[in-house]
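Below is one structure, written out as structure tokens; comments come after it.
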Amino acid sequence: MATVEVVDHGRFLGSRLKGAQLRVVVESVLASRDRVVLDFAGVESITDSFAHELFGVLSAEHGGTLPDGIEIRNANRNVQDTIEFATEATAA
């Protein structure tokens, strides 16, 4: 298992580019290990664009759900809601 400290990418994550960059990191970890923890401690906000590039694309690539090996920790309510919105939008 590997842990990615999302705050290392910023406290306010708002661009598709940042989401795509983090998705590459997650995909790389999942390819070499069976689990990755995305620790959102210190992240105050993410935008729909960021969430779609990271979570929406991962979800779309795996039949409308996030891969089983991804665990999200320490996400505040706003971040959780935005992640849920991105993954639900790709499942529809």
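Some notes on this structure:
- Failed item in (1) of a type in the set (V, I, T); (2) out of contact with any Ser or Thr (no Cβ under 9 Å at 6 or more places or on another chain); (3) closer than 14 Å to H9 by Cα, with I70 passing the rest: (3)
- V24, sole failed condition from (1) over 11 Å from the mean Cα position of the chain (by Cα); (2) exposed (fewer than 14 other Cβ atoms within 10 Å of the Cβ): (1)
- E71 passes every criterion in (1) touching a strand residue (DSSP E or B) at 6+ places or on another chain (Cβ under 8 Å); (2) buried (at least 16 other Cβ atoms within 10 Å of the Cβ); (3) among the acidic types (D, E) apart from (2).
- Scanning the stretch 51-72 for residues that are under 15 Å from L17 (Cα atoms) and of a type in the set (V, I, T) yields a total of 1.
- In the stretch 27-55, of all residues being at pLDDT below 95 and assigned to a helix (DSSP H, G or I), the one that is nearest to the chain's Cα centre (by Cα) corresponds to E27.
The values are calculated or read from the model by the stated rules, or taken from the named source; none is laboratory data. Because the structure is a prediction, the values reported are computed rather than measured. As a convention, Cβ positions derive from the backbone with ideal geometry for all residues, glycine included, and neighbour counts pool all protein chains shown.
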